[in-house]
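J.: Mind looking over this structure? Questions follow.
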Amino acid sequence: MEDIIFDFDNGTYNNSEESGDFELDYQEACDTALSADFNKIFLPTVYGIIFILGAIGNGLVVVVMGYQKKVKTMTDKYRLHLSVADLLFVFTLPFWAVDAAKTWYFGSFLCVSVHVIYTVNLYSSVLILAFISLDRYLAVVRATNSQTTRKLLASRVIYVGVWLPAIILTVPDLVFARVQNAGSSNFFLTDEGEDTAYSRTICERIYPEATSLIWTVVFRFWHILVGFILPGLVILVCYCIIIAKLSQGTKGQALKKKALKTTVILILCFFTCWLPYCVGIFLDTLIMLNVVPSSCALQQAVEKWISITEALAYFHCCLNPILYAFLGVKFKKSARSALTVNSRSSQKVTLMTKKRGHISSVSTESESSSVLAS
């Protein structure tokens with residue numbers, strides 16, 4: 001989740017005459033109170049929807065791949081990696097939904113664990129998309145001599161290029177993620193003029209007070225670089241070259257048009273989901289650094305923008321099974337076979353024998369057309 005810099009004056013509201021004026025304090029309270037009320041309703045609702053859709057879609061992909069027993073193609077391997085990453089990611093969302101609605105009930109161990117799982121799969125899913133685009137580039141543009149390279153990428157390099165960096169990026173979670181009782185600095189004046197405050201338990205990265213701004217800025221820029229810019233460039237460059245390649249020649253125009261349409265959809269979905277969120281946290285970081293002048297209205301608008309676009313970015317894990325699996329002809333046939341076997345237990349042995357032979361025949365992909373159609 002997004003890192004937050006907390007300054008609660010040791011859990012109490014300090015109304016010193018030397019350091020503050022009433023109007024500024026009220027403006028700061030305005031920002032936090034309104035965005036918190038919005039998040040209590042919006043985030044649990046959206047996280048619940050993403051959890052249900054993501055668990056069903058990615059769970060089905062994992063089940064179908066398990067039914068196939070042996071993954072035969074590079075495309076299937078990437079599908080499995082991507083679905084496992086997305087599936088583990090959505091399993092963290094119920095914890096964040098409860099946290100947004102009320103407070104953190106789950107203790108220190110789960111706080112660190114959920115942060116680590118969240119970070120690993122947030123980065124790995126985006127990096128896997130970059131590997132998929134690179135694999136499709138090799139299959140289409142360099143079809144004649146890319147088989148060895150594609151096998152190496154799918155079997156070995158993916159662990160070094162995806163899972164290892166994602167695991168390394170959890171170090172800040174292991175070091176800084178913790179549970180803390182945070183007293184709110186928000187206050188509301190009653191008719192009697194008394195201040196009221198509430199406290200809640202938070203599960204966040206809590207940085208040392210003296211260097212909290214530096215840590216927050218560094219990790220946000222790192223997130224934008226590794227989680228969006230680098231994979232986004234790979235995806236954009238690879239798919240643009242694929243589009244240029246498919247636009248040449250006259251053979252197989254129907255298949256090429258379908259492949260072009262699918263390629264454009266993949267590009268648009270990635271950038272539509274992730275670009276608004278990264279713009280939001282980039283702008284919020286500039287406000288933190290006083291590069292952009294802050295105000296109550298601007299801060300409140302940016303916080304709502306981040307909440308909404310963060311949810312949009314997370315919806316990508318629901319789209320991944322559709323974009324990278326369900327649109328494929330081979331996958332739909334495999335899914336039909338798996339569901340048929342599960343629904344007719346009395347004919348299980350016969351169907352498995354029969355259908356498995358059929359899957360083997362359609363799983364042998366050509367170097368270009370099957371990668372685009374799948």
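J.: Using 1/(1 + (r/R0)^6) with R0 = 51 angstrom and r between the beta carbons of Ser199 and Ile243, what's the FRET efficiency to the nearest 0.05?
T.: About 0.40, to the nearest 0.05.
J.: On full extension of the chain, what length is gained from Leu225 through Thr103, given 0.36 nm per residue of separation minus the C-alpha to C-alpha distance?
T.: Contour length minus the Cα-Cα distance gives 40.8 nm.
J.: Longer than 30 Å from Cα to Cα, which of Lys77/Lys102; Lys258/Lys304; Lys151/Lys258 are they? Say none if no pair is.
T.: Lys77/Lys102; Lys258/Lys304
J.: While we're looking at this one, here's another question. Could you tell me the calculated FRET efficiency between Val279 and Ile322, based on Cβ-Cβ distance and R0 = 25 angstrom, to the nearest 0.05?
T.: Using R0 = 25 Å, I get an efficiency of 0.50.
J.: Let me know the shape class of the stretch 120-163, please: from the alpha-carbon gyration tensor, a ≥ b ≥ c as square roots of the eigenvalues, rounded when a/c is under 1.5, otherwise prolate if a/b is greater than b/c, or oblate.
T.: oblate
Every read-out reported here was derived from the displayed coordinates using simple, explicitly stated rules and does not represent laboratory data. Keep in mind the model is a prediction, meaning the values are calculated, not measured. Virtual Cβ from ideal backbone geometry, glycine too; neighbours counted across all protein chains shown.
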